[in-house]
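Contents: one structure, followed by commentary.
The values are calculated or read from the model by the stated rules, or taken from the named source; none is laboratory data. Because the structure is predicted, anything quoted here is derived from the model rather than measured. For accessibility, only protein heavy atoms count, side chains too; no ligands or nucleic acids. Shrake-Rupley method; radii C 1.70, N 1.55, O 1.52, S 1.80 Å.
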Amino acid sequence: MLKLAGVLLALMILFGILGFVVNVAGAITKVAFFVCLIALGVSLAMKALKKTP
C-alpha cells in the first residue's frame, strides 16, 4: 500500500513537471511568434521606407 502511494506521488510530481514544461514551452512559442510578427512588420516597414526616396 505504501509503495502504491509512493508511485502515485511520483507520477503526480512527474505530471506536474510535464505540465509546467508544456506551459512554459507554450509561452515561449507565443513570445517567439509575436517577436517574429514584429520583426516581419519592421522589415516590411523598412523596405517600404527605402523604396520611397
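With 5 Å bins from zero, work out the P(r) of the chain over every alpha carbon pair and list the percent per bin.
4, 17, 10, 12, 8, 8, 8, 6, 7, 5, 5, 3, 2, 2, 1, 0
Okay, helix-only estimate at 222 nm for the chain: each DSSP H run of n ≥ 4 adds -39500 (n - 2.57), divide by all residues, round to 500 deg cm²/dmol; what do you get?
Dividing the helical sum by the residues of the chain leaves -35500 deg cm²/dmol.
On the accessible surface of the chain, probed at 1.4 Å, how many percent belong to carbon and sulfur atoms? Provide the component values of the computation, followed by the final result.
Working: 4240 of 4980 Å².
So the carbon and sulfur contribution to the accessible surface is 85 percent.
How large is the accessible surface per residue of the chain, computed with a 1.4 Å probe and reported in Å² as a whole number? Before the final figure, lay out the partial values.
On the way: 4980 Å² over 53 residues.
Each residue of the chain exposes 94 Å² on average to a 1.4 Å probe.
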